[in-house]
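The structure appears below as structure tokens.
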Amino acid sequence: MANHVHWSLNFSSMNEEATKKFIEIQKRVRPLQEGSYTQWFGDLFVDGGKTSPTYEESEEYNWAVDNIGAKWCYIEDMYEDSITGYSAWSPPTEGIESLIAELSEYDKNLVSVFTYDDEFPNFFGAATYEGNECLSSEYWEYNDLIKKCIQDNMEDLGGKYNSEEGEWADEESEGIFQDVMYETLSGMQDDEILYGMQYVTK
């Protein structure tokens, strides 16, 4: 079974024209099926144009990998200024950037924040865009998270992790790591977003 990669796209600055377009794009998505709580991300790109996929084509493996960045990707929630969901193995970077590109045609100063994390988490990341330009992007792996947790909690975790064996020295240190892991992950993403925001020109 594929690992779920949870992701979110938030627009911190979006004009009225782009907001209307985003709401219009959301209407391309087929209604929820009975008993389902998610919708297919690829539906966002079925606009009826000559180069757009059909709904059936958007579900094909090759199209999804090439145009979304993951073999499958689902939407959990959509609002006027954000969209969240989960994908298989990889973040839907190509799809997110295509969506940003379409909205940027209506707002060249559109400011977008994209975050994602693997459920393990094997990896996680954050990116900031202005218009269609990526201002800053960072990708981390699990070992980067361990190092950051140790750095921030040296008194409790310093010298307690064997990187060669991939194991903590004892249950106590492993428990402390588990307690601070996701807060640290979110903090790393927030710091990266703040770093990217300093380059916003608007």
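Any read-out appearing in this document is the output of simple, stated calculations on the displayed coordinates, not a laboratory observation. The model shown is predicted, which means the values in this text are computed figures rather than measured ones. Methodologically, a virtual Cβ is constructed for each residue, glycine included, from the backbone with ideal geometry; neighbour enumeration extends over all protein chains shown.
For the chain, the longest principal axis of the Cα atoms and the long axis of helix 16-26 meet at an angle of about 90 degrees. The alpha-carbon positions of the stretch 1-82 define a convex hull whose volume is 118 Å³ per residue. The local environment of Glu174, defined by Cβ-Cβ distances under 9 Å, has a net charge of -3 under the rule Lys, Arg +1 and Asp, Glu -1. In a fully extended conformation the segment linking His4 and Glu76 would gain 24.7 nm over its present Cα-Cα distance, using 0.36 nm per residue.
For the stretch 1-151, the relative contact order comes to 28 percent (Cα pairs under 8 Å, sequence separation of at least 6). The residue among Ser137, Gln151, Tyr161 whose Cα reaches farthest toward the positive pole of the charge dipole of the stretch 115-202, with charges on the beta-carbon of Lys, Arg, Asp and Glu, is Ser137.
Starting from the Cα-Cα distance between Asp156 and Glu56, subtract it from 0.36 nm times their residue separation and give me the gain in nm to one decimal.
Details: separation 100, 0.36 × 100 = 36.00 nm, distance 5.27 nm.
Net length gain for the segment: 30.7 nm.
Cα axis of helix 171-197 to longest principal axis of the chain: angle in degrees, 0 to 90, nearest 10? Taking the Cα atoms of the chain, the angle to 171-197 is about 40 degrees. Note on the chain: helix-only mean residue ellipticity at 222 nm, from DSSP H runs of 4+ residues weighted -39500 (n - 2.57) and normalised by residue number, equals -11500 deg cm²/dmol. Computed from phi, the 3J(HN,Hα) profile of the stretch 105-121 under the Karplus parametrisation 6.51, -1.76, 1.60 (θ = phi - 60°) reads 5, 9, 8, 5, 9, 3, 10, 10, 10, 10, 10, 7, 8, 5, 5, 5, x Hz, with x in place of Gly and Pro. Near Thr84: Cβ cut-off under 11 Å, other residues only, Lys/Arg at +1 and Asp/Glu at -1. The net charge is -2.
Across the stretch 4-141, the convex hull enclosing all Cα atoms gives 103 Å³ per residue. Relative contact order of the stretch 138-202: 30 percent, from C-alpha pairs under 8 Å at least 6 residues apart in sequence. Taking the chain as the reference, fit the longest principal axis to its C-alpha atoms, fit the long axis of helix 93-104 to the helix C-alpha atoms, and give the angle between the two in degrees, 0 to 90, nearest 10. On a 0 to 90 degree scale, this one is about 50. Backbone geometry of the stretch 28-42 corresponds, through the Karplus equation with coefficients 6.51, -1.76 and 1.60 at θ = phi - 60°, to 3J(HN,Hα) couplings of 6, 6, 4, x, 4, 7, 4, x, 9, 10, 10, 10, 6, 4, x Hz, x marking Gly and Pro.
Using R₀ = 45 Å, calculate the FRET efficiency as 1/(1 + (r/R₀)^6) where r is the Cβ-Cβ separation of Asp170 and Ser36; round to 0.05. The partial results should precede the final answer.
Numbers: r = 44 Å, r/R0 = 0.97.
Plugging the Cβ-Cβ distance into 1/(1 + (r/R0)^6) gives 0.55.
Measure up Lys108/Lys148; Lys21/Lys202; Lys71/Lys202; Lys27/Lys50; Lys71/Lys148; Lys21/Lys71 against 29 Å on the Cα-Cα distance and list the ones that go over. Write out the running numbers ahead of the final one.
Working: Lys108/Lys148 36 Å; Lys21/Lys202 21 Å; Lys71/Lys202 36 Å; Lys27/Lys50 19 Å; Lys71/Lys148 31 Å; Lys21/Lys71 26 Å.
Flagged as over cut-off: Lys108/Lys148; Lys71/Lys202; Lys71/Lys148.
Just want to confirm a number: the relative contact order over the stretch 68-199, from Cα pairs under 8 angstrom separated by 6+ residues, in percent. Don't skip to the end; give the middle numbers.
On the way: 174 pairs, mean separation 23.1, N = 132.
It rounds to 17 percent for the stretch 68-199.
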